[in-house]
Each structure stands twice: as structure tokens, then as C-alpha cells.
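We did not get these values from a lab; they are worked out from the coordinates using the rules stated. As the structure is a prediction and not an experimental result, all values here were calculated from the model. Note that each Cβ is placed from the backbone with ideal geometry, even for glycine, and that neighbours are counted across all protein chains shown.
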């Protein structure tokens, strides 16, 4: 298998994972989740960049090993195996929007919440619409 074919397959797999996992993902509203957690309100998340990211800052791992990192400067990356797809993200209310630098990776939007130290994402636009739970690693 040629190097270009391997790269194309890797990009395709990563795009599929991004769609399926989606950070990218982070503090859902309690819409039907039955959670007693207290997601940040829109007023709280728009107060400042630092307060927006607060609990989200750091690196989170999905069960398949995919990692999402979120930095205070609203940048991050999705790491699959040994490759990182860089992105910028925005938070508004309980919405997380991820804008990947590479055009072949689909941008994604999630509803998110952090409950009991775990990041939960519900896929929205640009995703497979699944629900994902991640654990903090850093």
C-alpha cells in the first residue's frame, strides 16, 4: 500500500472518528439528560474566555483512545493514534463548536456538560448525532 493511500485512509478514519466522537468535544444543558449536574449558564459562559473554558480546559480521552484537548486561548486538537488535528472552538451556553484547521475534517457542533468529572458530548451538526463520555487525562 502506497504512502499516499495510507495517508488518505488515515484522514478518512480520522474524519469518521471526528464525526462519531466529536469533541470535540462539553457541558450539556440538562435537556432530557436527567442529570443533576449544573452546566454553566449562557451568562456565565460568555463572561470571559477564561470562565468559558474553566472546567473544560485540559485533555479528555474517549474509550477508543481518541483525545481532545482544550486550551484557555480557545484552541485545541483531536489526537488519533499519533496524529493531531488542530482546531479552534467556541462556547455559547451549552454549545461547543469545533472548527478544524484541515478542510477534510468536518467541523462539528455538540451540546456538552461536565458531570462527576466526566465530559459528556451530544452530537449535533456535523456529527453522527451520538452521545459520548470522556475522562480527563490532564
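Sorting 109, 133 by the number of Cβ atoms found within 10 Å of their own Cβ, with the fewest placed first, yields 133, 109.
Taking 0.36 nm per residue of separation and subtracting the current Cα-Cα distance, fully stretching the chain between residue 71 and residue 57 would add 4.5 nm. Pull out the extension gain between residue 137 and residue 81, defined as 0.36 nm times the separation in residues minus the alpha carbon to alpha carbon distance; nm, one decimal. Here the segment from residue 137 to residue 81 would lengthen by 18.6 nm.
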